[in-house]
Every structure is written in structure tokens, then in C-alpha cells.
Amino acid sequence: MKEPTNKLSATLRQLRKAAGLSGVEAARLAGLSQSKVSRTETGAFMPTPQQVEALCKAVKAPAAVRRELVQMARELREERISARLVLQRGGWWLQERIGRIEEIAGRIRCLAPTGMPGLLQTRQYTRALFGESLPPDELDRTVEARIARQRLLDTDREFVFVITEGAMRWNMGGAEVMVEQLERLIEESHRENVLLGVVPWTTPVTVPVLHAFDLYDSRAVMFGTQTATALLTDSEEVEDFESHWLELEPFVTFGDEARPVLERIAADYRSIT
């Protein structure tokens, strides 16, 4: 069986093994199909909170563990979060919600065609990004909530970032902000658990990119529009985004070969500071 990479799947599998149950036995006790239990444990299926509850009861998980796993399933529920709701609750609320989703994943893939990925943004870039859209009393809390998500980079999770040159040329906050941002990208690209790729403007492409999105393992995808942020967990829809990712990969320059592109863009910004 494929080893699970995310916390929810890995914990459910560990609990089943500790209980001495086979997948078939756990499925029978939980009232689920064996294939559904198997796909849950490999991260290929997103169980509902009720299904997680049933699995936890089947393996006699401790109450505290059961509550934690059920909450993970709730965080990953399919949802459309309107911009109006974000404004009502505060931008920091959405950042904290995204952070909890990221913590559940073992691998995060991010396509950024229009701006810097949140996990790689500098504080000044984030401030420039949110500065015109949030009330002053919420700005600081929202910026800090986004920056707090970046602690995840210090874990053993895997990250793949793909950023277009157009996104890096979008002069958010001014040249000095962008120089610092490009230097941050170069620094983070040296992490062992980070694979950073760029699509230079000189690279001919044959695949359109409509918007940014984040893939969490192979079980969920998140993307934002002008009016809402969507979290999708339907397996067919997630597979569509994964297929789109694979279509884009041939046009991406990764790792050591990407750094000269970052350095060239940073130099261009330095020339206008």
C-alpha cells in the first residue's frame, strides 16, 4: 500500500494497525467499503467528518485523537467562502483557516501566475498586497496570520511552487519591496523540502493558466477569485487540477536553473530603486 503523506490519512492508518485490524475489518466495523478505507489511508479520498468518526470508533481511537481527526475532516470540507464573509469575520480568519488546511497536508503544490505564493511572501509584500483592501485595524492581524503560516516550511512537509515571470514582474509595493521578495524566493529555493520553479516569459507555452491554485496532497484544491475562495474535495475535480499541473510542468524551470531567472529579475528591480 502507498504510504500516506498527510496527517489525517497517516493517523487513521496508524490507529488501524495499532488496533490489529485489517482494512476489511475496519471497513466492516465502520460501515464503509474496504476500497473507501484504503483510499482514505492513501490520501486518495476525502472522508466526511461522519466517516472519520466511524473509523475512529472502529479502531477505538482515544477521544482527544478522535476530536482532532474529525476537526481535520471539517477543515477540509468542500466550501465556497465569499469575500463578503471574509470581510465580516476579518481577513486574518481566512488566513488562519488556510493555515489549518495546510497543516493537514503532507505535500503542497502551488501555482502562482499572478502574485507571490502566501507561504513565500515577505511581510512587506503581504502588507502591500492587503493594504488597500482591509481596514487598518485588521491589516496587522491579517499580515501576521499569513506570515505565521510560513512556519510550516520548517517541517518535513514537501512544497512545490511554480511562479510565472509575469507574477514576479508585477511590481507590488514598489521596487524595494520586490527586491526583498525576490531575495526571499532565492533563499527559500535552497531548502531541501522546497522545489521552486519559474516559467520565464521567454518560454513558449501551449497551456493557458486561468488562475492560481493550491493542491493539498491529492485530496483537495483551493483557489480564489475576485469574490470568493473555493475549497474543492470532489475527487474528479481534484484530478482535473492535477492533470492541469502535469500539463504545465514541461514549461517550468526548476531548482538551480530557476535561480538565474530570479537573480535577473531582482537585478532589474535594483536598477530602478
I want to verify a result. In a Gaussian network model of the chain, Cα cutoff 10 Å, which of these has the top mean-square fluctuation: Val205, Val238, Val177? Val205
Below 12 angstrom from the Cβ of Arg191, what's the summed charge of the other residues (Lys, Arg +1; Asp, Glu -1)? -4
Please name whichever of Ile272, Thr227, Pro49 sits farthest to the positive end of the charge dipole of the chain, dipole taken about the Cα centre and charges placed at Cβ: Lys and Arg +1, Asp and Glu -1. Pro49
Rounding to the nearest 20 debye, state how big the charge dipole of the chain is about its Cα centre with +1 on each Lys and Arg Cβ and -1 on each Asp and Glu Cβ. 1220 debye
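Sort Trp170, Trp92, Trp245 so that the residue with the fewest other Cβ atoms within 10 Å of its own Cβ comes first and the one with the most comes last.
Placing the least packed residue first, the sequence is Trp170, Trp245, Trp92.
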If Met168, Met72 are placed from fewest to most neighbouring beta carbons inside 10 Å, the sequence is Met72, Met168
In what order do Asp137, Asp234, Asp214 fall by count of nearby beta-carbon atoms within 10 Å, going from fewest to most? Asp137, Asp234, Asp214
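Count charges around Asp268 for me, please; just the other residues with Cβ under 12 Å from its Cβ, Lys/Arg as +1, Asp/Glu as -1.
+1
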Estimated 222 nm signal from helices in the chain, with DSSP H stretches of n ≥ 4 weighted -39500 (n - 2.57), rounded to 500: -15500 deg cm²/dmol
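Only the coordinates and a few stated rules stand behind these numbers; no lab work does. Since this is a predicted model, take the numbers as computed values, not measurements. For neighbour counting, all protein chains shown are included, and Cβ atoms are generated from backbone atoms with ideal geometry for every residue, glycine included.
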